[in-house]
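The values are calculated or read from the model by the stated rules, or taken from the named source; none is laboratory data. Everything numeric here is computed off the predicted structure, so don't read it as measured data. Virtual Cβ from ideal backbone geometry, glycine too; neighbours counted across all protein chains shown.
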């Protein structure tokens, strides 16, 4: 059996105020093409389908269109679980009805959840969908204290294995933070505030392959326990990561062979650091389609820096001054604008940033007179 493993689509995500749905649609189209070209037998999505509990309408539409293509046109079963970003009850809508078309959705954690059995020429392959589960939920459903995420997951696995023949081939689909795996700062939402949030790798020993979601970096916890990583780069902390899906070939003995296929980002994330002149001198052709984070190393603010740098980097999402002291940052025009200060304060800040000195008394008096004149003129207009 050939399995396509993907996760962490985060449909509906915004990044620095930029809606990413068009980029997400482009990469989902790549996954559809990979599924077709690789002749896979099933697609598994290991959680965080949406970015938030109540996703935008357009994000729901994109998921609907993607699933239609996979199931109705490519005739592929899809197994999809909820992650910590998803609303499990909303995701669970139509679960029994969709299962008749081989769309297997596991949103809400249930004590009586059943595995999915799919057939290949060697017999049955059992998929254990381990939807994201809070310890409190596992405690309520099991009737026993599950003190942490590891215990909650172990309870879920025990429930699943009780329904699967011991000698059968088994695939786990889970949304969890495996101890020792590499998180990405500023990317993944913490699974809990305080307490033990990680799960132990040994939980997955009964399975021939484990398809993981939650962490955004493509990585292996073992040769057969892997994170596919997220659909896109969702923070500048992910700038150096390569996004991918895994194609898993499971033979008749249960041995898994994995191929990782890269996904092309419509807009790469690039971080650059240097002086204003160094950054301005770079070739615009190299950065035309990139979302940029720039860090200026100049000792003083540069007048209209962002506007000037946009001639080289048309999509600057973040611009910072690495070497400015807190006091210097307070003098920046951008900081003054954010505080919605008066016209007098804004001009004074601008003057000091450009001339590296404060207004003299006579200059300040003239400025106040000019501003008063303009305000009076505006009121009479």
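Before moving on, here are some points about what is shown:
To keep it simple, each residue is scored yes or no on (1) under 30 Å from residue 233 (Cβ atoms); (2) outside any loop (DSSP other than H, G, I, E, B); (3) at pLDDT below 75; (4) more than 30 Å from the chain's Cα centre (by Cα).
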residue: 292; (1), (2), (3), (4): yes, yes, no, no
residue: 317; (1), (2), (3), (4): yes, yes, no, no
residue: 335; (1), (2), (3), (4): yes, yes, yes, no
residue: 348; (1), (2), (3), (4): no, yes, no, yes
residue: 378; (1), (2), (3), (4): no, yes, yes, yes
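- Among the conditions (1) over 26 Å from residue 161 (Cβ atoms); (2) crowded, with 16+ Cβ neighbours inside 10 Å; (3) over 22 Å from the mean Cα position of the chain (by Cα), the only one that residue 20 does not satisfy is (3).
- If you filter region 69-95 down to residues that are assigned to a helix (DSSP H, G or I) and free of Cβ contacts under 8 Å to residues at least 40 places away in the same chain, you find that the one that is surrounded by the most Cβ atoms within 10 Å (Cβ to Cβ) is 70.
- Filtering region 39-68 to residues that are surrounded by fewer than 15 Cβ atoms within 10 Å (Cβ to Cβ) and within 22 Å of residue 116 (Cα to Cα) leaves 39, 64, 68.
- Residues that are more than 24 Å from residue 84 (Cα to Cα) and either part of a loop (DSSP other than H, G, I, E, B) or out of contact with any strand residue (DSSP E or B) (no Cβ under 8 Å at 6 or more places or on another chain) (or both), drawn from region 212-271: 223, 240, 251, 252, 253, 254, 255, 264, 265, 266, 267, 268
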